[in-house]
Amino acid sequence: MKTLWHNGTFFTMKSENDTVEALLTENGKIINIGPYDLLKNEADKEFNLNGTYLYPGFTDSHMHLIPHGEKLLRLDLSNATSADELMSMLENAYPDLPESEWFIGEGWDENNFPDKRILTKHDLDHITNSPMILTRTCRHAAIVNSKALELAGITKETPDPDDGVIERDEHGEPTGYVKEGSMHRILELIPDSTEEWLTKALQVAIEDLHSLGLTGAVTDDLGYNENYEAPLNAYKNIIGKSKNFRAHLMFRSNVFTNIMEDNVSYEEPWITPGEMKFFIDGSLGGRTALLSNPYLDDPNNYGTTVVSDEEIDELVATARKYNQAVAIHMIGDKAVEKGLDAIERHPVPKGKRDRLIHVNILRDDLVKRMKKLPVVLDIQPTFVVSDFPWVLDCITEDRLDWTYAWKRLINEGFICGGGSDAPIEDPNPILGIYAALFRKKPTDNHDGYLPKEKLSRFEAVHLFTSSNASSIGKGNERGKLDVGYDADFTVLDKNLFQVSEKDMLNTKVVKTVIAGKVVYENNNY
Ligand SMILES: [Zn+2]
């Protein structure tokens, strides 16, 4: 069955302003493009787009799909604008929670509070007798109540582990604010998520992404809760069956060897195997990103590394043993340096690319080294909107040149994938494109943070389409509108290349199409 899509503006993304009048699809692929009159004789069926705008399917280069679904199913604290509001959200949540079950909340950010106050265990102890953990927006830190500390065996006498921080009051008593490894010790106490729960979370996440126009993502789900079978089964339960989505799966280092040794199968082309994922540092917001200079506002703190240099070396060597690339979380320049040291010692197998995730703070010498390596940079434009202006309190002036320097990185010729790191940020790609273009909140009355790093419209849309396809080695089959490419489309009510700054955020998704099938439809069009 040949379907002719017409009566819209079709942006091919092959070059700036390149459009076609119609395209013909069959068996999930684009089989012809060109003028409507020429193609209509070949078509068995027509699909009228009613004057809307069609782009290659938008994708996300770095996210956590199952945790995004869990955030939608659980208590979301990301909209709290003060510590008091956060408290009242907690008071109203889970009224019938049994004392044996965990009280879980996600996404608070003290940078949104006028006084930047972080709640303590004393505040949380008023809410519930259940053990409670509330992860910070960055997911590298959390606040917990006394019950959770007790279950984890964390007392005044417990020293800080090498890979984490236990914040304390002036008497040395833990306040309930825990970071990195100290937080993970507590998260590990939460009973393992069942396959049924993970499947439900994934289903909710994919439905949400479809409604945002997303057709695929590079995602970090295998091993985040210590095993790979349950999350992988969740994928196989849904993708290719009730829902379609292009999921490129990274493997957490804790389950990597098991996955390589077990003869794991995937549902290709929907589910494809990716790289070994691990973390070197934390987040700037939690002051745990690893910097080569101390934090400006915390002169004894250089950040936290969650792995030793020997472990980094061993992880990269293990990936290479199985002929795999790595995907490394690195936010601070010192973390990037450590990652590059190991990658240079153990080069990536021919034809593959390592993913450097975040790379927020770089240096000239690091960029020079990165240019010699087959790497992909996973950048999150919305981080600019969330992290400025406070990020300027963290870093010294001489680092500003390479701070969230998306334009410079693109100009240097790197493949930059555009993503959201959801659930850290909202996965809506329009927010990502807006952030890449304007580098500010819509309510900010200035020219954007570090405005010379603003991308052009073409570059910004490219990030979320063709660049992401190239980043997973599929640049010749996805991310553009051309013959032989996947029939994955995002249909919007606005022209992103012309819409005003003000109207861009009112853009509506009209349809989301994967392999020629409509997976989401907005009934208002
Ligand atoms: Zn992430």
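In the chain, the calculated helix contribution to ellipticity at 222 nm averages -8000 deg cm²/dmol per residue, counting -39,500 (n - 2.57) for every DSSP H run with n ≥ 4. Once divided by 2.2 N^0.38 Å, the Cα radius of gyration of the chain becomes 0.97.
Entry comment: accessible area of the chain is 40 Å² per residue, from protein heavy atoms only and a probe of 1.4 Å. Within region 258-317, all pairs of alpha-carbon atoms sorted by distance into 10 Å bins from zero give the percentages 18, 32, 24, 18, 8. Ranking 24, 326, 411 by Cα position along the charge dipole of the chain, where only Lys, Arg, Asp and Glu carry charges on their C-beta atoms, puts 24 farthest toward the positive end.
Protection proxy ranking of 487-499, 427-439, 312-324, by the mean of other Cβ atoms within 10 Å over each peptide's residues and highest first, is 427-439, 487-499, 312-324. Counting only alpha carbon atoms, the long axis of helix 83-92 and the longest principal axis of the chain meet at about 80°.
What you get for the chain, charging only the Cβ of Lys and Arg (+1) and of Asp and Glu (-1), is a dipole of about 2020 debye around the Cα centre.
More than 18 Å apart: what percent of Cα pairs in region 316-364 qualify? Tail of P(r) above 18 Å: 26 percent of Cα pairs. Against the main long axis of the alpha-carbon atoms of the chain, helix 195-211 sits at an angle near 50°. Kirkwood radius for region 465-525, taken over all pairs of different Cα atoms as the inverse mean of 1/r, rounds to 13.0 Å. Across region 155-172, rounded Karplus estimates of 3J(HN,Hα) from the backbone phi angles (6.51 cos²θ - 1.76 cosθ + 1.60, θ = phi - 60°) give 10, 3, 7, 5, x, 5, x, 4, 9, x, 9, 10, 5, 10, 7, 5, 9, x Hz, Gly and Pro being marked x.
Each of 466, 290, 433 was scored by the projection of its Cα onto the charge dipole of the chain, and the greatest displacement toward the positive side belongs to 466; charges sit on the C-beta of Lys, Arg, Asp and Glu. Along the axis of the charge dipole computed for the chain (Cβ charges of +1 for Lys and Arg, -1 for Asp and Glu, origin at the Cα centre), the listed residues 373, 183, 300 are led at the positive end by 373. Computed on the Cα trace of region 211-302, the radius of gyration divided by the Kirkwood hydrodynamic radius gives Rg/Rh = 1.14. Take the Kirkwood radius over Cα pairs of region 100-225, plug it into Stokes-Einstein at 10 °C and 1.306 mPa s, and you get 98 µm²/s for translational diffusion. The portion of the accessible surface of region 343-483 made up by carbon and sulfur, rounded to a whole percent, is 50 (1.4 Å probe; DNA, RNA and ligands excluded). Using every pair of separate Cα atoms, the Kirkwood estimate puts the hydrodynamic radius of region 349-438 at 13.9 angstrom. Taking all C-alpha pairs of region 415-482, those more than 17 Å from each other amount to 47 percent. Under the simplified labelling scheme, the residue 264-residue 308 pair shows an inter-label distance of 2.7 nm, with each label point 7 Å from Cα along Cα→Cβ. Annotation for region 105-122 versus region 140-212: alpha-carbon center distance of 15 Å.
Given +1 at the Cβ of Lys and Arg, -1 at the Cβ of Asp and Glu and no other charges, the dipole of region 322-413 around its Cα centre is 580 debye to the nearest 20.
For the chain, the longest principal axis of the Cα atoms and the long axis of helix 309-321 meet at an angle of about 30 degrees. Simple point charges give the picture: +1 on the Cβ of Lys and Arg, -1 on the Cβ of Asp and Glu, and for region 420-518 a dipole about the Cα centre of about 140 debye. Working note: Cα gyration tensor of region 3-102, eigenvalues times five, square-rooted, sorted largest first, giving semi-axes of 49, 16, 13 Å.
The values are calculated or read from the model by the stated rules, or taken from the named source; none is laboratory data. The structure displayed is predicted, hence computed values, not measured ones. Virtual Cβ from ideal backbone geometry, glycine too; neighbours counted across all protein chains shown. Note: areas computed on protein heavy atoms with side chains; ligands, DNA, RNA excluded. Shrake-Rupley method; radii C 1.70, N 1.55, O 1.52, S 1.80 Å.
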